[in-house]
Amino acid sequence: MSILTEARLIVVKVGSALLVDPRTSAVDAAWLTAFAADAARLTRRGQRLVIVSSGAVALGRGRLGLTRRALTLADKQAAAAAGQSLLMRAWEEAFDQVGLRAAQVLLTLDDTEVRRRFLSARATLERLLALGAVPVVNENDTVATEELRYGDNDRLAARVAQMAGADLLVLLSDIDGLYTADPRRDASARRLERVVDITPAIEAMAGGANPDLGVGSGGMATKLIAARIAAAAGCATLVTLGRRASPLQAVEDGEAATLFEPHSTPAAAYKAWIAGTLAPLGVLTVDDGAARALAGGKSLLAAGVAAVEGRFGKGDAVLVRDPSGREIGRGLARYDVADARRIVGMRSHAIEALLGYAADPMIHADDLALAPERVTKG
């Protein structure tokens with residue numbers, strides 16, 4: 001499938017049912033080794049990769065001897081604590097064999113729902129990718145509560161795809177795509193090649209999790225939720241069978257999958273969210289030179305800011321106005337209001353001397369949604 005060869009940044013979700021053998025509660029090393037080689041093939045052709053990996057609880061329950069099927073929240077947290085190191089060791093060993101460097105990233109719900117933490121987590125992912133590492137993301141189940149958790153890693157993977165600006169989310173499943181009915185129970189069920197919109201009729205096709213696997217918490221219904229989140233972020237979603245040695249190569253070679261199409265591009269979706277969803281908590285007034293630079297796609301530097309108003313923190317939305325008071329756009333501040341006022345009009349080297357750390361723009365170009373009339377046509 002061409003989307004796998006064309007995608008710039010791919011998030012792949014790997015579930016417990018693929019990684020952990022339920023009979024032994026150990027990592028399926030043969031599958032993981034083959035998948036690592038599959039992943040390395042993508043990175044060699046210049047694509048960037050993020051893995052969202054389940055498996056900590058499944059591995060930890062075996063280590064701690066938690067053999068009963070239903071676990072309490074405290075049991076799950078303890079199992080996650082015991083199993084996360086096993087999970088990362090497995091990824092590190094598999095990736096080491098193919099020349100990839102794994103980097104652990106543990107997220108909680110607040111890391112994708114609170115803007116300041118979202119920006120911090122996004123910056124970490126961006127830096128890891130720039131350094132050539134492959135982030136391996138999991139929910140921090142050791143501290144997550146039932147009320148404050150993603151609930152399954154399909155949804156986490158969609159939020160990570162949104163955070164990272166991915167253009168493709170791959171959900172490796174126990175089934176090779178979305179069918180009109182559960183093919184395990186209905187022999188006449190037909191697989192869909194593409195889904196443009198997730199309508200109520202599409203939702204009705206999703207069944208529950210596979211009860212025969214014994215691990216994992218997701219199912220096709222959660223994959224549809226993830227695909228909807230990803231589509232709104234401008235990211236396509238591919239659902240395919242994970243239980244084969246090289247599932248990404250298999251899809252490229254023509255094996256079955258279902259593609260959920262995005263509604264826009266990741267960058268456009270992100271800027272639409274900034275422009276239309278967030279309530280501004282402050283105002284930055286810029287000089288004429290900065291206004292021209294912003295229209296040309298540049299970041300807003302402190303040197304071009306003339307005044308700061310409002311009460312905002314790092315990551316909050318602010319209005320940007322030109323000297324006449326007309327709105328240029330809206331963006332996410334890289335400083336809180338106190339520091340923003342301290343560095344108004346200053347050059348980057350002076351900011352570093354004053355604050356004690358390397359200067360960021362007031363608003364990075366990636367975090368700025370310009371009013372349509374201010375965008376320079378290229």
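The values are calculated or read from the model by the stated rules, or taken from the named source; none is laboratory data. Computed from a predicted model, the values in this text were never measured in an experiment. When we count neighbours, we look across all protein chains shown, and the Cβ atoms used for this are built from the backbone with ideal geometry, even at glycine.
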Filter region 44-60 down to residues that are within 16 Å of the chain's Cα centre (by Cα) and assigned to a loop (DSSP other than H, G, I, E, B) and give me whichever is surrounded by the most Cβ atoms within 10 Å (Cβ to Cβ). Ser54
Note on region 293-319: residues over 24 Å from Phe118 (Cα atoms) and surrounded by fewer than 16 Cβ atoms within 10 Å (Cβ to Cβ) are Gly296, Ala306, Ala307
Can you tell me which of (1) touching a residue at least 60 places away in the same chain (Cβ under 8 Å); (2) within 30 Å of Gly165 (Cβ to Cβ); (3) crowded, with 17+ Cβ neighbours inside 10 Å is the one Arg41 doesn't meet? (3)
For region 65-77, how many residues are of a type in the set (A, V, I, L, M, F, W, C) and closer than 17 Å to Ser16 by Cα? 3
Could you count how many residues in region 326-364 are under 20 Å from Ala291 (Cβ atoms) and aromatic (Phe, Trp, Tyr)? 1
Count - residues of region 244-274 that are within 18 Å of Ala157 (Cβ to Cβ) and charged (D, E, K, R): 1
Lone qualifier among Val27, Val50 - being touching a helix residue (DSSP H, G or I) at 6+ places or on another chain (Cβ under 7 Å), of a type in the set (A, V, I, L, M, F, W, C) and more than 30 Å from Arg194 (Cβ to Cβ): Val27
Among the candidates Leu125, Leu86, Leu156, Leu129, which residue alone is in a helix (DSSP H, G or I) and more than 16 Å from the chain's Cα centre (by Cα)? Leu86
Sort out which residues of region 263-292 are in contact (Cβ under 8 Å) with a residue 60 or more places away in the chain, of a type outside the set (A, V, I, L, M, F, W, C) and surrounded by 15 or more Cβ atoms within 10 Å (Cβ to Cβ), and write them in order of number. Pro266, Tyr270, Lys271
Given the condition modelled with pLDDT under 90, in contact with a Gly (Cβ under 6 Å, 6 or more places away or on another chain), buried (at least 22 other Cβ atoms within 10 Å of the Cβ) and small (Gly, Ala, Ser), answer yes or no: does some residue in region 215-226 qualify? yes
So which strands (runs of 3 or more DSSP E) are wholly in region 316-378 and hold at least 2 residues that are free of Cβ contacts under 8 Å to residues at least 60 places away in the same chain? 317-321, 327-332
Check region 290-301 and report whether any residue there is in contact with a Leu (Cβ under 9 Å, 6 or more places away or on another chain), in a strand (DSSP E or B) and of a type outside the set (Lys, Arg). yes
I'd like the residue in region 5-31 that is modelled with pLDDT under 90 and of a type in the set (D, E, K, R) and, out of all such residues, is surrounded by the fewest Cβ atoms within 10 Å (Cβ to Cβ). Arg23
Select from region 176-208 the residues that are farther than 24 Å from Leu18 by Cβ, surrounded by 13 or more Cβ atoms within 10 Å (Cβ to Cβ) and acidic (Asp, Glu) and list them in ascending order. Glu203
Enumeration of residues in region 320-339 that are under 23 Å from Phe118 (Cβ atoms) and crowded, with 22+ Cβ neighbours inside 10 Å: Val320, Gly329, Arg330, Gly331, Leu332, Ala333, Tyr335
Being within 26 Å of Arg122 (Cα to Cα), more than 25 Å from the chain's Cα centre (by Cα) and not polar (S, T, N, Q) is the requirement here; does Gly356 meet it? yes
